[in-house]
Each structure stands twice: as C-alpha cells, then as structure tokens.
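A.B. asks: Input: one structure, supplied below.
What follows is calculated from the coordinates using simple rules that are stated; it is not laboratory data. All of these numbers come straight from a predicted model, not from anything done at the bench. Counting neighbours? That spans all protein chains shown, and the Cβs are built from the backbone with ideal geometry, glycine included.
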Amino acid sequence: MSIDFTVPEDGIALITINRPEKRNAFDAEHYSALSAAWERVRDDNSIRAAVITGAGDKSFSAGADLKSFITRKSELDEFWQTQKGMLLNRGLEIWKPIIAAVNGYCLAGGMTLLLATDIRIAAKHATFSLAEVKRGIIAGNGGTQRIMAQLPHAIAMEMLLTGNSIDATTAERWGLVNKVVEPEQLLDTAMDYARQIAKNAPLAVQAAKELALRGPELGLAGGLRFEQMVNKILLASNDAREGTSAFKEKRDPAFSGT
C-alpha cells in the first residue's frame, strides 16, 4: 500500500496509486503521501511533466476510503488549516503538465483528481462518476466546480445530480478524456504525451498552462495583458535564445529551463 513515485525517463515522473485491493481508494495516509508526491513534482526542476495512474487493471481510483474517514476523529481547527496536505484537486498550484492514465474505475475523489489534470488517456473499460450524492455528501475538492467548466452544463448537472456513471466512449465524446485506447496501450500512450511535452521549453510550457487556467479569472483584456508581460519575460530567457538558434541551425533544441 503506497503512493509510488518513480522517474522512468528524464524529465518525466510517474505517480502510481498503489492500493488495488481497495480500488486505489485514499485513506488519510495515502492522501498525505500523494500530497508529498505533488510537492515533489512542483519543486523538482528536473521534472517537466508527470503521469498519474492506478495500480492494477481495474481502478484508477475510487476516491476517498469512506470507512476510514467515518471513524477518523477530526478536530474543528483542522477546517482552517487550508494549506495542510494540499492536493492537486484541492488547489495546489503545479504548472507542470499532469497526464492521467485512467485504467478502470474513476469515481468520486478519483474523478475530482482527474478533473484537475491536463491531459487524460482512458482504457476502453474505464468508467467515470461523481456518485457522492448517493452517499449523502457532495463531490468535494473541486468536483462541483471544475466539472461545470469542463463539460456542457446539462451533462455536468446530470453527472452531479444523478450520480450515474458514464463509459470511456461517452467520456471521450464529451471531451472529458483526450483518447480511449486498449488497456495494454494505456501507459505507453500517456508517456508519449509526456515525452512530447518534456521536449519543449519548460518555462514556456509552465507559463502557457498558468495563463490558460488563470484566463477565466482575468477576463480577455487582463489575459491578453498577462500574455504580453509573460512573453516579455520569456524572451530574455536562455531557452528563448536556444529555441531561436536551434530553429536557424535546423536541429533539436536543448532547453535548460533557464
């Protein structure tokens, strides 16, 4: 039982939710380990992209292990410790791209985790749902917020209010996932996306992600101005000079992230 963190290739981290006997559900210990993994992705300059998946072939993640949380005593002051054990879907800012390789059930907290990733690959047998209303609670950690921005209104409301699941083909049709593949192709496909990203200038990639995600908060005029400011900063970077030189010399660039 663990959150496995490996670096199978230069610039690419692989995070595996390794609790297959519980459908890769999270108890408090696993949430803490996942938080530490996300912080490592954020802070390690050698990492340019990350892939997250679940162990086994049945489940990406079934979300929170409700039995463990029902019996866990929580002090009232924890409610205001908003930066403790931060997670990607809870608001931790990671501007490096995150790719999800969904290898089965993607439910509840697993689904809210998915909604906080950038690129999503699903195995053909994957299923998706926000079934919290069937348990007397709501889809937290951004579940009620991100889905409205990522799916058509009626589809998002159907998932939130009925708690019913959709299959991988339907998820692809509505743009919830980028691609549906055979199970044996899942991780290779996700890693291929990560390789393509890792080849690009890391500062520019992170800037592009931040601009895209902050755009709705800024409005068009603010977003356009933010673009101008960031591009002016990037033009002074070593990566911008390397990109120009490599283009002129017809070679692959060697970006340093500086």
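A.B. asks: Sequence gap at least 6, Cα distance under 8 Å: using those rules, report the relative contact order of segment 2-198 to the nearest whole percent.
C.D. replies: 20
A.B. asks: What angle do you read, to the nearest 10 degrees and between 0 and 90, between the alpha-carbon axis of helix 153-162 and the longest principal axis of the chain?
C.D. replies: With both axes taken from Cα atoms, the answer is about 30 degrees.
A.B. asks: Just for the chain, what percent of DSSP beta bridges are antiparallel, to the closest 5?
C.D. replies: 25
A.B. asks: On the Cα set of segment 137-258, report Rg and Dmax in Å, please.
C.D. replies: Cα only, segment 137-258: 19.3, 58 Å (Rg, Dmax).
A.B. asks: Measure nothing fancy, just the Cα-based angle from helix 202-235's long axis to the longest principal axis of the chain, in degrees from 0 to 90, nearest 10.
C.D. replies: 60
A.B. asks: If only Cα atoms are counted, what is the Rg of segment 50-170, and what is its Dmax, in Å?
C.D. replies: Taking only Cα atoms of segment 50-170, I get Rg and Dmax of 14.5, 43 Å.
A.B. asks: Let me ask another. Check the straight Cα-Cα distances from residue 22 and name the lysines below 18 Å, setting aside those fewer than 8 residues away within the same chain.
C.D. replies: 58, 67
A.B. asks: Hey, another quick one. Mind checking which lysines have their Cα closer than 28 Å to the Cα of residue 232? Skip sequence neighbours fewer than 8 apart in that chain.
C.D. replies: Within the straight-line cut-off, residue 232 pairs with 96, 199, 209, 248, 250.
A.B. asks: For segment 202-249, state the average projected area of the convex hull of the C-alpha atoms over all orientations, rounded to one decimal in nm².
C.D. replies: That works out to 3.4 nm², a quarter of the Cα hull's surface.
A.B. asks: What are the extents of the Cα atoms of segment 141-180 along their three principal axes, listed from largest to smallest and rounded to whole Å?
C.D. replies: The principal-axis extents, from largest down, are 24, 18, 18 Å.
A.B. asks: To continue, here is another question. Just grab the label-to-label distance for residue 138 and residue 217, each label 7 Å out from Cα along the Cβ direction, in nm (one decimal).
C.D. replies: In this crude spin-label approximation the distance works out to 2.0 nm.
A.B. asks: Mean residue ellipticity at 222 nm from the helices of the chain, using -39,500 (n - 2.57) per DSSP H segment of n ≥ 4 over the full residue count, to the nearest 500 deg cm²/dmol?
C.D. replies: -13500 deg cm²/dmol
A.B. asks: If the elastic network links every pair of Cα atoms under 10 Å, which of 120, 19, 173 fluctuates the most in the Gaussian network model of the chain?
C.D. replies: Largest GNM mean-square fluctuation: 173.
A.B. asks: Quick one: dipole size for the chain, taken about the Cα centre, charges +1 on Lys/Arg Cβ and -1 on Asp/Glu Cβ, in debye to the nearest 20.
C.D. replies: Numbers: 30 positive and 31 negative charges, 79 e Å.
About 380 debye.
A.B. asks: Over 13 Å apart: what share of the alpha carbon pairs of segment 80-133 falls there, rounded to a whole percent?
C.D. replies: 63
A.B. asks: Between residue 252 and residue 7, what is the spin-label point distance in nm, taking each point 7 Å from the Cα along the Cα→C-beta axis?
C.D. replies: In this crude spin-label approximation the distance works out to 1.9 nm.
A.B. asks: Relative to the longest principal axis of the chain, what angle (0 to 90°, nearest 10) does the C-alpha long axis of helix 186-198 take?
C.D. replies: 30
A.B. asks: When the dipole is taken about the Cα centre of segment 87-212, and only Lys, Arg (+1) and Asp, Glu (-1) are charged at their Cβ, what size is it in debye, to the nearest 20?
C.D. replies: Here segment 87-212 has a charge dipole of around 180 debye.
A.B. asks: What does the convex hull of the Cα atoms come to per residue for the chain, in Å³?
C.D. replies: Taking only Cα atoms, the chain has a hull volume of 144 Å³ per residue.
A.B. asks: Another one. If the cut-off is a Cα-Cα distance under 15 Å, which aspartates and glutamates reach residue 124, setting aside same-chain residues fewer than 8 apart in sequence?
C.D. replies: Those aspartates and glutamates meeting the cut-off are 57, 167, 172, 182, 184, 188.
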